[in-house]
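**Q** Have a look at this one before I ask anything.
The values are calculated or read from the model by the stated rules, or taken from the named source; none is laboratory data. Bear in mind that the values here come from a model prediction, so they are computed numbers and not experimental data. With ideal geometry, Cβ positions are generated from the backbone for all residues, glycine too; neighbour counts draw on all protein chains shown.
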Amino acid sequence: MQSCLLLECCPYHWEVFPAWVSLLGEFGYRVDIACPDTPGHLETLALLGVRRLPVERLWEVPFDRYDLVLVGTLMHEGYNEPYVPVPGLDLIEKLGRPSIGVIHEPALWGERRPEVSFDGHHAGGSGLLNLFSDQSFYWEGRLRRERRWAWEGDRLVLWEEQRRLGFVSVDGGATYRGPNGMALHRRPGPNHDLERHTRSGRHAIVTLSRQGAESLGARCSDAFWIVPFECHDALPSSPTGEFVFAGSINYQTKAISSLVSACASLTADESVVVVGGTRNSKFAENANISRLIRDLAARGVADKVQFTGYLPYGKYVERLRRSRFFLPLVDDRIADGDYQTRMPAAIPLSLGLGVPMVVNEAIAHRFDLDFMVCYPGEDLASGLAAARSINEEDYDRLRRRTLDAARRQRDHNRETLAGILRRVLP
């Protein structure tokens with residue numbers, strides 16, 4: 001039996017572990033997982049019976065015992081997250097093993113990749129500053145706002161909330177000085193050269209959607225795509241009247257406002273169930289959950305949404321298996337348009353569990369799911385009405401089409417992974 005090390009440096013994404021372990025297992029791989037010791041990771045590994053290696057002691061791992069390394073979330077320092085180690089291209093090359101690197105957010109490797117990176121010092125403290133290729137910039141740990149940058153001759157100019165900050169260098173660009181004692185010290189350029197990384201044939205890049213792979217084509221001619229999901233036997237669904245949102249409530253990455261508006265259209269015996277809602281077991285402390293509860297109360301529909309609270313992954317899946325419809329709550333507007341290339345997490349859940357979705361029509365069309373219950377723009381209420389009108393015969397037909405789509409995707413996953421393994425392994 002061959003062996004694979006699945007390396008996950010992020011304090012999330014444990015939900016894809018079962019899918020990768022199952023898919024690699026079909027090719028004869030035993031999988032160990034190096035990851036943080038968050039409850040989500042530990043619960044999922046216990047469910048799988050997979051060995052955990054502490055990611056904080058990564059360099060104690062004897063890597064030569066592994067035939068393959070799968071980096072579950074490939075990142076560069078432009079993500080502005082304090083992950084140690086940074087699960088990037090330099091890390092993979094230091095490991096010295098054939099690899100597959102998984103990109104979840106293709107836009108951050110394209111137009112929003114970092115062009116220049118600085119260690120910044122200002123009156124409020126210090127932090128990493130990245131200037132992105134689309135002329136936006138971001139201070140590590142600060143709220144994302146409209147920020148722009150530009151070169152004006154040898155000067156660096158930052159515009160933030162109508163403020164214009166000018167910086168000059170007296171040492172050839174290594175250090176820039178600005179107003180009020182602000183200083184920027186240039187860091188080594190982040191390594192995001194995917195083409196060079198894959199040129200040897202020992203490393204492959206995978207995204208979670210066809211659109212993601214296509215968007216990376218100019219920077220990586222050999223990007224592949226796989227939608228990993230774990231298949232479960234279909235169970236009898238819940239009775240009519242229940243719509244399920246699965247995952248984390250996040251106003252930046254989900255169209256939560258459409259949910260709040262649509263709740264007014266629910267009938268007396270209908271409700272939305274938020275399964276999970278947060279990756280943190282301290283459910284009541286989540287700022288997005290608190291905001292949603294306030295917004296629902298302000299619209300007089302607080303009784304229309306039920307919350308399960310945080311669920312360990314095994315219980316989370318079992319609760320979802322009996323759902324009648326999933327609500328992805330994503331569209332082309334939310335998250336700066338990232339879902340034009342980024343795979344909504346609800347799609348692999350839908351395919352793996354055989355549960356249909358009520359989904360924005362642009363998202364459905366993009367990911368070849370036009371047979372789902374679709375609605376335009378943010379008009380989720382019309383989608384709920386369409387789902388309400390489906391009789392049991394049509395619903396059974398919709399479930400069969402969902403399972404057919406899952407079979408097609410699984411065939412693609414197997415064929416693609418087989419090709420990748422032939423490519424990267426001796």
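**Q** Among 186, 163, 219, which is modelled with pLDDT under 95 and in contact with a Leu (Cβ under 6 Å, 6 or more places away or on another chain)? Lay out the reasoning, then the answer.
**A** Numbers: 186 fails: in contact with a Leu (Cβ under 6 Å, 6 or more places away or on another chain); 163 fails: in contact with a Leu (Cβ under 6 Å, 6 or more places away or on another chain).
Exactly one of 186, 163, 219 is modelled with pLDDT under 95 and in contact with a Leu (Cβ under 6 Å, 6 or more places away or on another chain), namely 219.
**Q** Output the residues belonging to segment 362-377 that are farther than 12 Å from residue 327 by Cα, in contact (Cβ under 8 Å) with a residue 40 or more places away in the chain and not in a helix (DSSP H, G or I).
**A** 367, 377
**Q** Scanning for something free of Cβ contacts under 8 Å to residues at least 24 places away in the same chain and in a helix (DSSP H, G or I), does segment 345-354 turn up at least one residue? So that I can check it myself, show each step before the final result.
**A** If we filter segment 345-354 for residues that are free of Cβ contacts under 8 Å to residues at least 24 places away in the same chain, which is where we start, we get none.
Checked segment 345-354: no residue is free of Cβ contacts under 8 Å to residues at least 24 places away in the same chain and in a helix (DSSP H, G or I).
**Q** Follow-up question, since we're still on this one. Select from segment 103-134 the residues that are more than 18 Å from residue 187 (Cβ to Cβ) and free of Cβ contacts under 8 Å to residues at least 12 places away in the same chain and list them in ascending order.
**A** 124
**Q** Do you know which of the residues in segment 374-426 that are out of contact with any Phe, Trp or Tyr (no Cβ under 7 Å at 6 or more places or on another chain) and of a type in the set (Val, Ile, Thr) is surrounded by the fewest Cβ atoms within 10 Å (Cβ to Cβ)?
**A** Filtering first and then ranking leaves 390.
**Q** Same structure, new question: Kindly establish whether residue 384 is in contact (Cβ under 8 Å) with a residue 24 or more places away in the chain and within 15 Å of residue 244 (Cα to Cα).
**A** yes
**Q** Right, here's the next one. Hey, which of the strands (runs of 3 or more DSSP E) in segment 17-95, taking only ones fully inside, have at least 1 residues that are surrounded by fewer than 18 Cβ atoms within 10 Å (Cβ to Cβ)?
**A** 29-35, 52-54
**Q** Restricting to segment 107-144, and then to whatever is among the acidic types (Asp, Glu) and closer than 28 Å to residue 210 by Cα, can you tell me which residue is modelled with the lowest pLDDT?
**A** Here the answer is 111.
**Q** Can you tell me which residue in segment 283-299 is nearest to the chain's Cα centre (by Cα), limited to those that are over 16 Å from residue 246 (Cβ atoms) and in contact (Cβ under 8 Å) with a residue 24 or more places away in the chain?
**A** The extreme case among them is 291.
**Q** Let me ask something else about it. Kindly indicate whether residue 337 is surrounded by fewer than 17 Cβ atoms within 10 Å (Cβ to Cβ) and either outside the structural domain of residue 273 (by TED's automatic domain parsing) or not in a helix (DSSP H, G or I) (or both).
**A** So residue 337 fails the test.
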